[in-house]
Amino acid sequence: MAEMPILTIDGPSGSGKGTVAARVAGVLGWHLLDSGALYRLVGHAVRKAEADFADSAAIVDLARNLSVDFVDGKVLLDGEDVSLAIRTEAAGNNASKVAAIPQVRSALLDWQRDYARSPGLVADGRDMGTVVFPEAGVKIFLDASAEERARRRYKQLKDKGIDVNLIGLIAEIEERDHRDRNRSVAPLVPADDALVIDSTEMDVDAVIERVLRAVYEAYPETRV
Ligand code: DC
């Protein structure tokens, strides 16, 4: 059993990982690592520097020298509030591109591992259970069909007043999935010891209940 209680939640975009991770961390009173935000920040820095997404050396340099602050629920990059800018579909796609570069992934490794602090950590991403926290006591792989994930994302964006096209969204999600699942380093795959949950037909409360049950089984002392 790992010393520090760690729950990893990996899965493709739109699987509901973010919502589940945040709510479970809230219930347990554990820290939360949104690792996708770090890749989104690198993607944003590339855009801001007007660097080329094909120029790996420039991207690695930016990743190694990111100046990020988290203040009052906001994310600041070089002092600029980018909380909303990194949440767009385009930012997700740029994140997926920089995330395929091995040296970018290693530049972010220690930063991510630093989040493992008492009383525990919920880590949300693609390689949390396989690469970043292989010692985690509970590993979840949250999946759902591409159509269902696109539908959820469509609703989220519509609710925020952002105009989107469902067919375009399905194509974007499939493109991003393909890149994330087929890259040479840390591809999106369930860890051998992960509990795979297909949430296509489940609501978020049912998923949270299932995840909490797994946490209480692995770490009985955390039951609230
Ligand atoms: O979870 P998200 O949508 O914010 O992630 C954005 C992209 O970042 C995702 O398409 C792939 C990449 N990513 C990654 O490669 N590894 C992680 N642990 C988290 C995200």
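Structure values in brief
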| read-out | value |
| --- | --- |
| Highest to lowest packing among 130-136, 183-189, scored as the average C-beta count within 10 Å | 130-136, 183-189 |
| Surface/4 estimate of mean projected area, convex hull on alpha-carbon atoms of the range 1-57, nm² | 6.1 nm² |
| Pairwise FRET efficiency - ILE167 versus ASP78, Cβ, R0 = 35 Å, nearest 0.05 | 0.45 |
| Two-decimal Rg/Rh across the range 1-122, once Rg and the Kirkwood Rh are taken from alpha-carbon atoms | 0.97 |
| FRET efficiency, TYR216 to PHE70 (Cβ-Cβ, R0 30 Å, nearest 0.05) | 0.55 |
| For the range 183-224, fraction of C-alpha pairs farther apart than 13 Å, in % | 65 percent |
| Peptide ranges 73-79, 162-168 listed from the most packed, as the mean C-beta count within 10 angstrom indicates | 73-79, 162-168 |
| Student exercise, the chain dipole from Lys, Arg, Asp, Glu Cβ charges, in Debye to nearest 20 | 180 debye |
| Amide N proximity, the range 125-140 versus VAL196 label position 7 Å along Cα-to-Cβ, cut-off under 14 Å | 140 |
| Local net charge near SER145, Cβ-Cβ under 10 Å (Lys/Arg +1, Asp/Glu -1) | -3 |
| Span from the the range 187-212 Cα centroid across to the the range 66-99 one, whole angstrom | 26 Å |
| Surface accessible to a 1.4 Å probe, MET202 within the full protein complex, Å² | 70 Å² |
| Relative packing of 40-46, 141-147, 64-70, which averages over residues the other C-beta atoms within 10 Å, highest first | 40-46, 141-147, 64-70 |
| Distance between modelled label sites at GLU174 and GLN156, nm, 7 Å Cα→Cβ extension | 2.0 nm |
| Dipole of the range 1-128, positive direction: furthest Cα of ALA58, SER106, MET128, with charges on the beta-carbon | MET128 |
| Shape metrics for the chain, restricted to C-alpha atoms - Rg then Dmax, Å | 16.9, 50 |
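The values are calculated or read from the model by the stated rules, or taken from the named source; none is laboratory data. What you are looking at is a predicted structure, and each value in this text was computed from that prediction instead of being measured. When we count neighbours, we look across all protein chains shown, and the Cβ atoms used for this are built from the backbone with ideal geometry, even at glycine. When the accessible area is computed, the model is the full protein with side chains, heavy atoms only, and any ligands, DNA or RNA have been set aside. Shrake-Rupley method; radii C 1.70, N 1.55, O 1.52, S 1.80 Å.
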